[in-house]
Amino acid sequence: MSEELIPGVKQLIIDALRIEGMKPEEIDTDAPLFGEGLGLDSIDALQLVVAMEKEYGVVVPDAATGTIVFASVRSMAAHIAENRT
Amino acid sequence: MEFPELPARGHGFEEIARLCAVATGFDPLQPEEPGASQLLRSVRLQLCGVAMSLFHLNKLKHTEKRPDVVTEHSMGIYAALVACGSLGDGAVLELASRIGTCVARLGEKCDYAFGSIVGLTETPLASIARNNSACIVNHNTSRHFLLCGRRESIDCAAKEAVSAGAFSANAFPCDAPLHTPLIESIAGDLEHIIRDYEYFPPRIPLVDHLAQRQLTAADIPQFLMEDLCSPVYWEKTYQSLRKMGTTTFVEVGFGQALSKFNRWIDSES
């Protein structure tokens, strides 16, 4: 189930963070999104929280949950699959 | 806080570092060398930031992109003064060093901290700040704020912010209550430093973050003083520049924080 969401999650990241010149297939599904990998930070995190809620109706209530959810594209997809209404 | 990674040698940073060493006695290329400078570590960190901004500004000058307008956020005032032609590189590095050293004296009497609060809107956060004798010192977006105050006040405010639904609240120490009225206690010393420099008329319009007005050379000393004692109103400034017709923003400095704040503001408009 969550595997099917992976391309959409990658596109959501690109759109929400306005990453120019990047295609979804260039984002590693299992790479860390914060620090290494895409090098995202707390400002990006809130932007992703809002985008996920808008697109999938899924809430990430706080940074502690965000650390788990935003570990990678795969973990984002898994969180959406488990929580979306 | 660690010293930032500086540009690789051979890219022009050496010239800025040399200027910094001449103006302040501190060489950003040797930030941790024992005995290399009498300056406090916090001031050396600030100078690394200013030097990096000047380095990026110099790179920009070598392109065809001449800005139509310059604005600034907090420590960005130093590079902004150079960008608009009001002060030279050496003078702003010296000014940053002297102001940084002066305000750091406040930290000898009390432990201060910043609190980065993400996710709450201004109204509940203002209430939390009041409850804990803290000040909102950066209004970056509708949901990104920075608090400043005594260390214990900020720790309490951060906890209260999380309880009130903040996405994140992180406290980190600082050596002075920058952008708060507490700076007024050393206003005389700061004014003496600020008035030591001759500010040339901006060749490119310099827009301040307090009232979003275009500063003249005569306005700059007073603005520098008010800037240290007042919050930074980034969201208002960005929106004002947008209304003025600015379409492209180039961030000069470390990281991409302002660009990300702008992205957030755009997403709400």
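For segment B:110-174, take the convex hull of the Cα atoms, compute a quarter of its surface area, and give me that in nm², please.
Dividing the Cα hull surface by four gives the mean projection, 3.4 nm².
Counting Lys and Arg as +1 and Asp and Glu as -1, what is the net charge of the other residues whose Cβ lies under 14 Å from the Cβ of B:Gly107?
Within the 14 Å Cβ shell, the charges total +2.
Using the Kirkwood radius over Cα pairs, work out the Stokes-Einstein diffusion coefficient for segment B:10-68 at 20 °C and 1.002 mPa s, in µm²/s as a whole number.
The calculation lands on 176 µm²/s.
Convex hull over the Cα atoms of segment B:144-188, averaged projected area in nm²?
Computed as one quarter of the Cα hull surface, the answer is 3.5 nm².
Go through A:40-47, B:190-197, B:95-102 and give me the packing order, highest mean Cβ count within 10 Å leading.
Packing order, densest peptide first, comes out as B:95-102, A:40-47, B:190-197.
Obtain the nm distance between the two label points defined at B:Gln256 and A:Glu53 by a simple spin-label model: each point lies 7 Å from its Cα along the Cα-to-C-beta direction.
Each label point is offset 7 Å from its Cα along the Cβ direction, giving 2.3 nm.
Between A:Ile68 and A:Asp28, what is the label-to-label distance in nm when each label sits 7 Å out along the Cα-to-Cβ direction?
Between A:Ile68 and A:Asp28, the label points sit 2.4 nm apart.
Let me know the shape class of segment B:190-267, please: from the alpha-carbon gyration tensor, a ≥ b ≥ c as square roots of the eigenvalues, rounded when a/c is under 1.5, otherwise prolate if a/b is greater than b/c, or oblate.
prolate
Rounded to whole Hz and in sequence order, give me ³J(HN,Hα) for segment B:211-220 from the Karplus expression 6.51 cos²θ - 1.76 cosθ + 1.60, θ = phi - 60°, writing x for Gly and Pro.
10, 6, 10, 7, 7, 8, 4, 5, 6, 4
Where the Cα atoms of chain B are projected onto their three principal axes, how long is each span, largest first, in whole Å?
Principal extents (Cα only, largest first): 49, 47, 37 Å.
Would you work out the Kirkwood radius for segment B:1-140? I mean one over the mean of 1/r across all pairs of different Cα atoms, in Å.
17.0 Å
Can you list residues whose amide H is under 5 Å from B:Tyr112's amide H, if they're 5+ apart or on another chain and H is modeled 1.01 Å from N?
B:Arg151, B:Cys174
Can you tell me how much longer the chain between B:Glu122 and B:His62 gets when fully stretched, taken as 0.36 nm per residue apart minus their C-alpha distance, in nm with one decimal?
17.6 nm
Could you compute the net charge surrounding B:Arg195? Neighbours are other residues with a C-beta less than 13 Å from the C-beta of B:Arg195; K and R count +1, D and E count -1.
Residues close to B:Arg195 contribute a combined charge of -3.
Work from the charge dipole of segment A:2-83 (Cβ charges, +1 for Lys and Arg, -1 for Asp and Glu, about the Cα centre) and give the residue of A:Leu38, A:Tyr56, A:Ser75 farthest towards its positive end.
A:Tyr56
I'd like to compare B:136-149, A:26-39: which one has the highest average count of other Cβ atoms within 10 Å, and what's the full order after that?
B:136-149, A:26-39
Starting from the Cα of B:Ser185, step 7 Å along the direction of its Cβ; do the same at B:Ala211; then give the gap between the two resulting points in nm.
The modelled label-to-label distance comes out at 2.8 nm.
Provide the percentage of antiparallel DSSP beta bridges, counting only those with both residues in the protein assembly as shown; round to the nearest 5.
Taking every DSSP beta bridge within the protein assembly as shown, about 80 percent pair in antiparallel fashion.
Using only Cα atoms, locate the centre of segment B:174-226 and the centre of segment B:50-105, then give the distance between them in Å, rounded to an integer.
Cα centroid of segment B:174-226 versus Cα centroid of segment B:50-105: 13 Å apart.
Hey, got the average number of other protein chain Cβ atoms within 10 angstrom for residues in A:35-47?
Other-chain Cβ atoms within 10 Å of each residue's Cβ, averaged: 4.
Just the Cα atoms of chain A, one point each, no solvent: what log10 I(q)/I(0) does Debye give at q = 0.11, 0.14, 0.16, 0.23 Å⁻¹?
With one equal scatterer per Cα and no solvent, log10 I(q)/I(0) is -0.23, -0.39, -0.52, -1.18.
Take every DSSP beta bridge whose two residues both sit in chain B, then give the antiparallel share in percent to the nearest 5.
Approximately 85 percent, going by the DSSP bridge assignments.
Once Rh is set to the Kirkwood radius over Cα pairs, what Stokes-Einstein translational diffusion coefficient, in µm²/s, holds for the protein assembly as shown at a temperature of 37 °C and a viscosity of 0.692 mPa s?
Once the numbers are plugged in, D ends up at 151 µm²/s.
Every number in this text was worked out from the coordinates using simple rules, so none of it is lab data. If you're wondering where the values come from, they're calculated on a predicted model, not measured in any experiment. Ideal geometry is used to build each Cβ from the backbone, glycine not excepted, and the neighbour counts take in all protein chains shown.
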